[in-house]
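To keep things clear, I will list the structure first and then write my remarks on it.
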Amino acid sequence: MNKTTPATELIYRPRRLRRTPTLRRMVQETHLTANDLIYPVFVMEGEGQKVEIGSMPGCYRYTLDLLLKEIADAAALGVNAVALFPVISPAKKDDTGSESYNESGLVQQTVKAIKKAVPDIVVITDVALDPFTTHGHDGVVDDNGVILNDPTVEILVKMALSQAAAGADMVAPSDMMDGRVGAIRQALDAAGYFDVGILAYSAKYASAYYGPFRDALDSAPKFGDKKTYQMDAANAREALKEVALDIAEGADIVMVKPALAYLDIICQVKAATNLPVAAYNVSGEYAMIKAAAQQGWIDEKKVILETLTSMKRAGADLILTYFAKEVALMLR
C-alpha cells in the first residue's frame, strides 16, 4: 500500500487485473470472433452493378455477379454465413407475393450460384412476403386491410421449400405469423429436407430501427404498420412465450430483433433456452453509427466493436450485422 494512503482494511483491489493490456486480455470475459458473425447481403437483378443504399453508407445492393465476389471476400476473412435479402422489381410483385416461391426466382438463382461459387459458406434465406408484395406487408391482406395468418403460412411453406430445393442451408422465417415454424418444419421434413435448419425470428419487435432496411428493399408497408404481427416494444415476457413456441415447433436457432435496444431480451432468452441465440444488429443501429462517425463525433471502429461485444455479452451466440466484413478484418 502507498505510504501516503491512509491505512484501510482493503484486501482486494480490482484494478490490479486492469493494470496492463496483457492482464486485461487474460481476464477478458467476453470474446467477439469472426465465427459469431452472419453477414446480411442484398441482391438485385441485372449485371455488373453495385448501388449504395443512401441510408446505409457502405452497404450496397449487388447484382449476382458482384455479390459472389463480395461473399467470397467475406468468407476469406472468416465470416461463415450470409443472410440473403432480395430486391424485387415492381413488375414481379403482387398482392400475395407469389414470386417468392418461383423456382427460377432471384433468391433461388442466387442460392444456387453462391453454393456453387463458395460452397462452404452457410446460406440463410429470408422467409417473408414483404419484398414480394405490392402492399409491403409480410402476409396476405384481406379487403379490410387485415393480415391473414393461415393463408400467409401456406405461402411461406411454399417459399421455404423452394429455397431448400435451391440449396439453402437454413431458412429464416421473419414474418411473425403464428405457427409458421412448425408448418415449415413439417413441410421440409416431408419433402426430405431434414438437414435444412430453421433460424426463427422468434422475438421480432415492431421497431422504428428498420427504416433503412426498408429503403434497401423498397419494402415499406404502403398502409398501416406491422404492429398486429410484430411484437410490442414494451413487452418482455411475451418474447419468452414466442421463443418457447418456436422451439416447440422445431426451430434450430432463435433470434431477437433488433439487438441494441433489446439487450435485456437477449439476456432473458439466453437464460431460457439451450439453443443458440442470434441477435440482429439492424439497419437503424448501423446507420446511427455510420452517421455519427461521418460527423467525427465518435471513433467508428471502437464503437462498432463495443456495440457488438455488448450483444455477445448479453448472451447472443450469433450476430447478424452489416459490419461483418469490417469487424472480421479488425479482429484479424
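The values are calculated or read from the model by the stated rules, or taken from the named source; none is laboratory data. In this text, all values refer to a predicted model and were calculated from it rather than measured experimentally. In this analysis, Cβ positions are derived from the backbone assuming ideal geometry, glycine residues included, and neighbour counts consider all displayed protein chains. For the accessible areas, the whole protein counts, side chains as well, though only heavy atoms, and no ligand, DNA or RNA atoms are used. Shrake-Rupley method; radii C 1.70, N 1.55, O 1.52, S 1.80 Å.
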ask   = Looking at (1) closer than 18 Å to Glu99 by Cα; (2) at pLDDT below 95; (3) among the basic types (Lys, Arg), can you tell me which one Lys158 breaks?
value = (2)
request  = Go through (1) open to solvent by 10 Å² or more (accessible area, probe 1.4 Å); (2) touching a helix residue (DSSP H, G or I) at 6+ places or on another chain (Cβ under 6 Å) and name the single condition Ile155 misses.
outcome  = (2)
ask   = Restricting attention to region 273-303, which residues are in contact with a strand residue (DSSP E or B) (Cβ under 9 Å, 6 or more places away or on another chain) and closer than 21 Å to Ser207 by Cα?
value = Val277, Ala278, Ala279, Tyr280, Asn281, Val282, Ser283, Glu285, Tyr286, Ala287, Lys290, Ala291
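Criterion first (among the basic types (Lys, Arg) and part of a helix (DSSP H, G or I)) does Lys270 satisfy it?
Details: among the basic types (Lys, Arg): yes; part of a helix (DSSP H, G or I): yes.
For Lys270, the condition - among the basic types (Lys, Arg) and part of a helix (DSSP H, G or I) - is met.
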task = Could you list all residues from region 83-100 that are closer than 30 Å to Leu318 by Cα and either surrounded by fewer than 21 Cβ atoms within 10 Å (Cβ to Cβ) or touching an Asp or Glu at 6+ places or on another chain (Cβ under 9 Å) (or both)?
result = Ala83, Leu84, Phe85, Pro86, Val87, Ile88, Gly97
ask   = Got a sec? Which of Val43, Val107 is touching a Pro at 6+ places or on another chain (Cβ under 7 Å) and part of a helix (DSSP H, G or I)?
value = Val107
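Of all residues being assigned to a strand (DSSP E or B) and under 22 Å from Ala251 (Cβ atoms) in region 118-142, which is most open to solvent (accessible area, probe 1.4 Å)? Just the residue, please. I'd like the intermediate steps shown before the answer.
Filtering region 118-142 down to residues assigned to a strand (DSSP E or B) leaves 122-127, 133, 140-141.
Those still in the list that are under 22 Å from Ala251 (Cβ atoms) too: 122-127.
Numbers: Val122: 50, Val123: 0, Ile124: 9, Thr125: 2, Asp126: 15, Val127: 0 Å².
The extreme case among them is Val122.
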key: Residues of region 237-262 classified as hydrophobic (A, V, I, L, M, F, W, C) and surrounded by fewer than 14 Cβ atoms within 10 Å (Cβ to Cβ), total   = 1
inquiry  = Can you list residue pairs whose Cβ atoms sit under 9 Å apart, with the first residue in region 261-287 being acidic (Asp, Glu) and the second being open to solvent by less than 10 Å² (accessible area, probe 1.4 Å) and in a strand (DSSP E or B)? Count only pairs 6 or more apart in sequence or on different chains.
reply    = Glu285/Thr321
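Check region 28-37 and report whether any residue there is assigned to a strand (DSSP E or B) and within 30 Å of Asp169 (Cα to Cα). Show your work before the answer.
Looking only at region 28-37, we keep the residues that are assigned to a strand (DSSP E or B), and these are 37.
With the extra rule that they be within 30 Å of Asp169 (Cα to Cα), the set shrinks to 37.
Yes, because at least one residue in region 28-37 is assigned to a strand (DSSP E or B) and within 30 Å of Asp169 (Cα to Cα).
Is at least one residue of region 116-132 more than 23 Å from Tyr62 (Cα to Cα) and in contact (Cβ under 8 Å) with a residue 12 or more places away in the chain?
Initial filter on region 116-132 (more than 23 Å from Tyr62 (Cα to Cα)): none.
Looking for residues that are more than 23 Å from Tyr62 (Cα to Cα) and in contact (Cβ under 8 Å) with a residue 12 or more places away in the chain, one finds none in region 116-132, hence no.
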request  = Could you tell me whether Phe194 is without any contact (Cβ under 8 Å) to a residue 12 or more places away in the chain and surrounded by fewer than 17 Cβ atoms within 10 Å (Cβ to Cβ)?
outcome  = yes
remark   = Flagged in region 41-60 as under 18 Å from Gln108 (Cβ atoms) and either without any contact (Cβ under 8 Å) to a residue 24 or more places away in the chain or under 21 Å from the mean Cα position of the chain (by Cα) (or both), in numbering order, are Val41, Phe42, Val43, Met44, Gly46, Glu47
inquiry  = If I filter region 71-93 for residues that are in contact with a strand residue (DSSP E or B) (Cβ under 7 Å, 6 or more places away or on another chain), farther than 20 Å from Val282 by Cβ and outside any loop (DSSP other than H, G, I, E, B), do I get at least one hit?
reply    = yes
ask   = What about Thr22, is it open to solvent by less than 90 Å² (accessible area, probe 1.4 Å), part of a helix (DSSP H, G or I), touching a residue at least 60 places away in the same chain (Cβ under 8 Å) and of a type in the set (Ser, Thr, Tyr)?
value = no
request  = List the number of the failed condition for Leu66; all other conditions in (1) loosely packed, with under 11 Cβ neighbours inside 10 Å; (2) at pLDDT 95 or above; (3) farther than 26 Å from Leu305 by Cβ hold.
outcome  = (1)
